[in-house]
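Structure, as structure tokens:
The values are calculated or read from the model by the stated rules, or taken from the named source; none is laboratory data. Predicted model, so just to flag it, every value in this text is computed and none were measured. Here the Cβ is made from the backbone with ideal geometry for all residues, glycine too, and neighbour counts use every protein chain on show. The accessibility values were calculated without ligands, DNA or RNA, using every heavy atom of the protein model including side chains. Shrake-Rupley method; radii C 1.70, N 1.55, O 1.52, S 1.80 Å.
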Amino acid sequence: MARSRSPRPPSAANRQLSSIARLAALALLAIPFARAAEAPTGLQESVAFTAYTPLAGNAERMRRLLSPLSAWRMQRQLAQAHQRLSDQAIDLTHERFTLYVPPRAPPARGYALLVFVSPWEDAREARQWLPALDRHDTIFVSALDSGNDKDVLNRREPLALLAAWNVMQRYRVDPDHVYVGGFSGGSKVALRLALAYPDVFRGVLLEAGSEPIGTPAIPLPPADLFHEFQQAVRVVYLTGDRDEYHQREDAHSRESLRAWCVTALSSVEMPWTAHELADAGSFSRALEYLAQPAQPDQDKLARCRAADARSLQSEMLRARALVDAGRRDEARKLLEQLDASYGGLAGPQAIALMRQLDPQR
């Protein structure tokens, strides 16, 4: 039976393995620092990028962004049709991006980077936020033709990942200060990306748009990635106090995240503001929060994860008992519910049981 609140991960994270995984991901985002001095600064429109990364590839996005049963079914359908996934969903020769780089290169480790998912076809956010971006030494990049009417999984998300990859190749970027954000519908895409790519994005800016996690719309990634999200990603909400609908959305989203052991949550107050882009001052405060490390209470996090591990195991034992008893329809329904709520945390067990129920599918 699905839980009424969002459940959480099955076991305590192995921090050493998490660090190794992050280093492996960042190796794919390695920065050729020698190019930084040659790259242009200021506001640049219709920028072309050319480089690809496996992190934006179809197989990797399927693993991270889809629920395990959804990914498993897609793989089986492809195999039955004797087809295979293409490497990438995006042809960069047809894509353009808005890019802003502060004129003064920061000392020490490099720029911060905000990859922004706009609800519109352009990136109109950039102009009003230039003073804040300069103040915080933050590069801004946003894909064109990536608005709310475009495909999320096969367009908006890979475009954001490729934007991050290409900027980190051209400029000296601090990997501990790479963020993803969005406004309205773009904000919900940003939350999906932050959850699935905590080894790339260390913060997420949710401006006037958020949702609970552990749902069919925002499934949890595999356990190692979700543990890293709990451990290292800061979530910042930025919504006008007169935007009542999205304030309620934020409240539900925060409740869900806390139920899932995520405590690095911050909110920026924007008085007298409805559903509109943040002014430069409010946006600047959001960047200040994003720059703060997550630093959860390790004892509380461990207890929270352990409680969820027990809950998940109890549900899986119940599903196995249904399978063994031949109650196939009930077992299938329960596994679907666990897939929707626990996502990647339940993945290996859910797939193994579903294979017993649907060996030919």
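Overview of results
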| read-out | value |
| --- | --- |
| GluC sites (Glu not before Pro) within the stretch 65-125, DSSP loop, no more than 16 other Cβ atoms inside 10 Å | Glu121 |
| Packing rank of 182-190, 311-319, where each peptide gets the mean count of other beta carbons within 10 Å, highest leading | 182-190, 311-319 |
| Whole-angstrom gap from the stretch 186-238 to the stretch 283-338, using each part's C-alpha centre | 15 Å |
| Qualifying chymotrypsin sites (Phe, Trp or Tyr not before Pro) in the stretch 257-327, DSSP loop, other Cβ atoms within 10 Å at most 12 | Trp272 |
| For the stretch 156-173 versus the stretch 115-151, the gap between their alpha-carbon centres in whole angstrom | 13 Å |
| Distance histogram in 5 Å bins (all Cα pairs of the stretch 130-189, percent per bin) | 4, 15, 27, 23, 18, 10, 2 |
| Phi-based couplings in Hz for the stretch 216-233 (Karplus 6.51, -1.76, 1.60; Gly and Pro marked x) | x, 6, 9, x, 6, x, x, 4, 4, 6, 5, 4, 5, 4, 4, 7, 10, 10 |
| Å² of accessible area per residue within the stretch 172-276, as computed with a 1.4 Å probe and no ligands counted | 30 Å² |
| Under-5 Å amide H pairs with Phe183, H placed in peptide plane, nonlocal only | Val117 |
| All aspartates and glutamates inside 17 Å of Lys333 as judged from Cα atoms, apart from same-chain residues fewer than 8 positions distant | Glu315, Asp324, Asp358 |
| The chain - charge dipole about Cα centre, Lys and Arg +1 at Cβ, Asp and Glu -1, debye rounded to 20 | 1300 debye |
| Residue order for Ile351, Ile213 - accessible surface, 1.4 angstrom probe, largest first | Ile351, Ile213 |
| Cα-based helix-to-principal-axis angle, 15-28 vs the chain, degrees rounded to 10 | 50 degrees |
| Over the stretch 206-310, relative contact order from alpha-carbon pairs under 8 Å, at least 6 apart, % | 33 percent |
| Degrees separating the helix 157-170 axis from the principal Cα axis of the chain, which is the longest one | 50 degrees |
| Label point distance in nm, Ala302-Asp151, each placed 7 Å from Cα along Cα→Cβ | 4.5 nm |
